[in-house]
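To start, the structure under review is shown below, and the notes come after it.
The values are calculated or read from the model by the stated rules, or taken from the named source; none is laboratory data. What you are looking at is a predicted structure, and each value in this text was computed from that prediction instead of being measured. Cβ coordinates were reconstructed from backbone atoms using ideal geometry, including for glycine residues, and neighbour counts include every protein chain displayed.
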């Protein structure tokens, strides 16, 4: 369950050297997403872009990517959508589709070797000794292990009661970070564009006294593909803030200090890692 | 700026004694909202119910309620909507409407006397010594003062750089709690029903490279009234969990302990006050 990611990161950088190994490039404020590692989710009301995290959750990303290649999710529905919590999708229960997918060993946390580092945001966080970012992803860590943390926009795999029971059902976090799910779920991506469309997915849960939502109203997935498999003219090309850049570390410190005149009284000099937005920008290509 | 609320709470309870003083009733798990203290916000895509907090922010609630009586917000727009942060509305800048409203002294925090108490949720929170609930509202406190805290669904008044410059522009929190705004803004209500419609308000901010949003697309307020001023047949009657009840304290402890089999590995026994949902239920009346 706890594995080392140092070798994987190294491999990723060697590979990326053909392009740019942004992860260790402290001077580049922006990082271009890899289209083989980016997902385009088309909902009836808008498009969403997700960055996957093979460097943290390789098996989950491999299986999810293989399912995308097979158009597995196209036509499936968000069947469990609880306001302020999660929007969960997957194939219909007990369908053939549902039963065919292999279960995965959880990738909830990992051990770090001496070369592991991240851009620290907070010491003595409520849920961990430290929080910070690595390659755009929010992490928490204690002395010997680190884990991706359940911030809004996080993509994670749902599971049954057993740790290693996740297969294809996934959820997005749509409310205040449910960090009690950290380490016991596998996070494997995050929304980098179009989060407002995730927030507009039809809720399926109602309160006491309210009429239930008919399944016909559930939000469907029109299509979900790796960006590399999307026709070039329809791709959404995104760059995200390089959280390894000096510019980002500076922004973190500015955010903590709150020197703007608006702060006539200063807040405590602490930061909630899930309340630090990582900026995205849209790259418009000439056609 | 820091004022005592004990007398006000006492007065509220004496008044409520004609009905029920739920605030101190540890046996009643639900509390009926007062229609004179509840707002019905009609958006083009759905209805939202808000509970006001005169016990914490009396001047802001008094001014806001007076504006509602005058249909002040009907037709105004959500002109500043930043995904993951806030949805802000108010009259058009430099309009006559905008200039006529008096500015308010901030009601950002208050001192407690010896009789003050709340249902504690967390000791050593990231932003405060303690967090908890009182009458459904999330609060944080240090030794001598307490304040409403910026959880998702919070309603607060916007302001300029000066502490006492709020007038009529307000915002809802729509993302991870921006608790660095605590104490320097006046929170005066919270969404108790229809938060998904607040989450679906048209975003007005775009990322770099993206086309800007035309003001014609901004989400308007169809109408916003005190529930007492809504025709009886159109009222939405809501009860909320009584956060002073023993049942609620028990639920907090269960949430901390996570005894369900799903938690094959226990999370740390801490709670983020903004990640504890306060339940609502709809009271359907016979017509």
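Below are the figures for this structure:
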{"item": "Members of region B:173-194 that are more than 19 Å from residue A:272 (Cβ to Cβ) and more than 8 Å from chain A (Cβ to nearest Cβ)", "result": "B:186, B:188, B:189, B:190, B:191, B:192, B:194"}
{"item": "All positions within region B:150-167 that are in a loop (DSSP other than H, G, I, E, B) and out of contact with any helix residue (DSSP H, G or I) (no Cβ under 6 Å at 6 or more places or on another chain)", "result": "B:152, B:158, B:159, B:160, B:161, B:162, B:163, B:164, B:165, B:167"}
{"item": "Qualifying residues in region A:205-229 (those that are in contact (Cβ under 8 Å) with a residue 40 or more places away in the chain and out of contact with any helix residue (DSSP H, G or I) (no Cβ under 8 Å at 6 or more places or on another chain)) - the one nearest to the other protein chains (Cβ to nearest Cβ)", "result": "A:205"}
{"item": "Restricting region A:100-126 to residues that are part of a loop (DSSP other than H, G, I, E, B) and more than 20 Å from residue A:187 (Cα to Cα), the residue that is nearest to the other protein chains (Cβ to nearest Cβ)", "result": "A:124"}
{"item": "Meets criteria (over 20 Å from the mean Cα position of the chain (by Cα) and surrounded by fewer than 18 Cβ atoms within 10 Å (Cβ to Cβ)) for residue B:255", "result": "yes"}
{"item": "Residues satisfying the stated conditions in region B:142-166, i.e. surrounded by fewer than 22 Cβ atoms within 10 Å (Cβ to Cβ) and over 16 Å from the mean Cα position of the chain (by Cα)", "result": "B:142, B:143, B:144, B:145, B:159, B:160, B:161, B:162, B:163, B:164, B:165"}
{"item": "Qualifying residues in region B:258-287 (those that are in contact with a strand residue (DSSP E or B) (Cβ under 8 Å, 6 or more places away or on another chain) and more than 24 Å from residue B:50 (Cβ to Cβ)) - the one surrounded by the most Cβ atoms within 10 Å (Cβ to Cβ)", "result": "B:271"}
{"item": "Scope region B:127-138; condition in contact (Cβ under 8 Å) with a residue 40 or more places away in the chain and outside any loop (DSSP other than H, G, I, E, B); matching residues", "result": "B:131, B:132, B:133, B:134, B:137, B:138"}
{"item": "Test: residue in region B:127-136 that is modelled with pLDDT of 95 or more, under 18 Å from the mean Cα position of the chain (by Cα), within 12 Å of chain A (Cβ to nearest Cβ) and within 25 Å of residue B:277 (Cα to Cα)", "result": "yes"}
{"item": "All positions within region B:43-88 that are out of contact with any strand residue (DSSP E or B) (no Cβ under 8 Å at 6 or more places or on another chain) and in a helix (DSSP H, G or I)", "result": "B:58, B:62, B:66, B:67"}
{"item": "Every residue from region B:248-270 that is away from chain A (no Cβ under 14 Å) and either touching a residue at least 24 places away in the same chain (Cβ under 8 Å) or within 20 Å of residue A:159 (Cα to Cα) (or both)", "result": "B:248, B:249"}
